[in-house]
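Working notes for the structure below.
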């Protein structure tokens, strides 16, 4: 078993770290809010005062924080991972960052003999809990091969997509599609209610038809039941759409659908839906209060 530094014990990270512990790995954990690390200390993990402290002596580092700014602080700041990672360490960064951030971090760590993989995940709380996450990875093949057993303890599938930044790129594409589908499901929910359709029957048929998907099965019931407890916070989806639009501009590719969907999510975030589930975009579409 390996010694792993785990940085970021939020809703997703805490579940991923729990699975690493269950697999027998030795954990050194850090979280900005130290109270979230207490439970891991009680389970045998070493609770650390800084990302650098956590990384000392670790063979692997797993990180999952909110955005580019948080990643830069955790990875590249004076008390970040870069200050203490020994040559040969492999970093598995599962944060949803821009490809530019991933490439910047990979270059900085490579100069110190450390391999950095941008390895964001597909899946939300249930998938993190049940080791069903899908890792999309950018970086060197050799580092990916070394890190596969670590990712296998947290997910059901890991694939190397290409060089540094490739995992981050595919994650933004994935989340753009998810956001667009969520917005479409929100419009469908309005029509179901306005037409007074039998809800259970409508959900069953839509889930089994051509539009059926895991997202349809997960989000349509939440919307119709006005259950917006967060599985994936709306403000994070808005951020991912913003990152995707920057990527599309960098690639010189039009993104009219993503632009429209981002406008909806931005309006919903500004209308006090930020901490709710991404499906709460329905509230903006339907003109309802949170």
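Worth a mention:
- Options 86, 152, 142: the member that is without any contact (Cβ under 8 Å) to a residue 12 or more places away in the chain, surrounded by fewer than 23 Cβ atoms within 10 Å (Cβ to Cβ) and more than 30 Å from residue 224 (Cβ to Cβ): 152
- In summary, residue 97 fulfils each of the numbered conditions (1) touching a strand residue (DSSP E or B) at 6+ places or on another chain (Cβ under 6 Å); (2) crowded, with 23+ Cβ neighbours inside 10 Å; (3) not in a helix (DSSP H, G or I) with the single exception of condition (1).
- Only a single item in (1) crowded, with 18+ Cβ neighbours inside 10 Å; (2) under 30 Å from residue 278 (Cβ atoms); (3) at pLDDT 95 or above is not met by residue 109, and it is number (2).
- Single condition residue 77 does not satisfy, out of (1) more than 19 Å from residue 17 (Cβ to Cβ); (2) crowded, with 17+ Cβ neighbours inside 10 Å; (3) out of contact with any strand residue (DSSP E or B) (no Cβ under 7 Å at 6 or more places or on another chain): (2)
For (1) farther than 20 Å from residue 67 by Cβ; (2) part of a helix (DSSP H, G or I); (3) under 22 Å from the mean Cα position of the chain (by Cα); (4) modelled with pLDDT of 95 or more, each residue gets a yes or a no:
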residue: 241; (1), (2), (3), (4): no, yes, yes, yes
residue: 246; (1), (2), (3), (4): no, yes, yes, yes
residue: 253; (1), (2), (3), (4): yes, no, no, yes
residue: 258; (1), (2), (3), (4): no, yes, yes, yes
residue: 263; (1), (2), (3), (4): no, yes, yes, yes
residue: 279; (1), (2), (3), (4): yes, yes, yes, yes
residue: 282; (1), (2), (3), (4): yes, yes, yes, yes
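Residue by residue, here is whether (1) assigned to a helix (DSSP H, G or I); (2) closer than 18 Å to residue 58 by Cβ holds:
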{"residue": "126", "(1), (2)": "yes, no"}
{"residue": "145", "(1), (2)": "yes, no"}
{"residue": "148", "(1), (2)": "yes, yes"}
{"residue": "156", "(1), (2)": "no, no"}
{"residue": "173", "(1), (2)": "yes, no"}
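- Answer from 203, 237 - the residue that is assigned to a helix (DSSP H, G or I) and either over 24 Å from residue 169 (Cα atoms) or at pLDDT below 95 (or both): 203
- Checked against (1) in contact (Cβ under 8 Å) with a residue 60 or more places away in the chain; (2) touching a helix residue (DSSP H, G or I) at 6+ places or on another chain (Cβ under 6 Å), residue 167 passes all but a single condition, namely (2).
- The condition of being out of contact with any helix residue (DSSP H, G or I) (no Cβ under 9 Å at 6 or more places or on another chain) and more than 30 Å from residue 59 (Cα to Cα) holds for only one of 200, 183, that being 200.
- Hey, residue 187 within 21 Å of residue 241 (Cβ to Cβ) and either assigned by TED's automatic domain parsing to the domain that holds residue 87 or in contact (Cβ under 8 Å) with a residue 24 or more places away in the chain (or both) or not: yes
The values are calculated or read from the model by the stated rules, or taken from the named source; none is laboratory data. As the structure is a prediction and not an experimental result, all values here were calculated from the model. Methodologically, a virtual Cβ is constructed for each residue, glycine included, from the backbone with ideal geometry; neighbour enumeration extends over all protein chains shown.
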